[in-house]
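Below is one structure, written out as structure tokens, with a few remarks after it.
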Amino acid sequence: MSRVLITDDSLLQRKTLSAIVADAGYEVDTACNGQEAIEKIQASQPDCLLLDMLMPIMDGIQVLEQLKSLDIQLPIIVLTADVQEWLKDRCLELGANTFLNKPVKQDQLRQAFENIFTPSIYTH
């Protein structure tokens with residue numbers, strides 16, 4: 001079973017997202033800030049990271065930069081209420097796969113998982 005690490009400083013968001021992720025059939029782990037997420041990823045890399053942008057201690061951009069500097073590659077879905085285009089571009093540049101605006105709709109998150117976890121029938 002694929003494991004998803006949900007990283008968000010909001011307990012309500014972690015609970016809400018955990019329910020959606022578990023309902024979609026994935027194992028759930030959570031982190032309340034970017035530093036905790038990096039520690040968990042280094043200890044046991046998840047199959048996907050759900051990453052909030054605005055968090056204390058280490059924000060989402062810092063997490064993406066740290067993962068890149070450690071050469072850790074994993075599918076990343078960025079979740080944020082910040083809709084600035086530069087932020088989206090920077091996240092994608094740092095290795096994020098998908099960028100979803102909060103509040104996240106369940107069907108959008110399920111589609112993002114499907115895109116990440118379903119192998120493409122096309123090979124390059």
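The single condition from (1) closer than 25 Å to residue 111 by Cβ; (2) under 14 Å from the mean Cα position of the chain (by Cα) that residue 36 fails is (1). Candidates are the residues of the stretch 51-70 that are in a loop (DSSP other than H, G, I, E, B) and open to solvent by 40 Å² or more (accessible area, probe 1.4 Å); the one that is farthest from residue 13 (Cα to Cα) is 70. Applying the condition of being of a type in the set (Lys, Arg) and assigned to a helix (DSSP H, G or I) to the stretch 1-50 and asking which residue is surrounded by the fewest Cβ atoms within 10 Å (Cβ to Cβ) yields 15.
In the set (1) without any contact (Cβ under 8 Å) to a residue 12 or more places away in the chain; (2) exposed (fewer than 13 other Cβ atoms within 10 Å of the Cβ); (3) in contact with an Asp or Glu (Cβ under 9 Å, 6 or more places away or on another chain), the condition left unmet by residue 88 is number (2). Condition test on residue 73, is it within 14 Å of the chain's Cα centre (by Cα), open to solvent by 90 Å² or more (accessible area, probe 1.4 Å) and without any contact (Cβ under 8 Å) to a residue 60 or more places away in the chain? Taking the combined requirement at face value, the residue satisfies it. If the condition is being under 14 Å from the mean Cα position of the chain (by Cα), of a type in the set (D, E, K, R) and assigned to a helix (DSSP H, G or I), then the stretch 83-112 contributes 88, 110. Is it true that residue 103 is modelled with pLDDT under 95, open to solvent by 50 Å² or more (accessible area, probe 1.4 Å) and under 25 Å from residue 118 (Cα atoms)? In short, yes.
The values are calculated or read from the model by the stated rules, or taken from the named source; none is laboratory data. As the structure is a computational prediction, the values presented were derived from the model and not from experiment. Ideal geometry is used to build each Cβ from the backbone, glycine not excepted, and the neighbour counts take in all protein chains shown. With ligands, DNA and RNA removed, areas are computed over all heavy atoms of the protein, side chains included. Shrake-Rupley method; radii C 1.70, N 1.55, O 1.52, S 1.80 Å.
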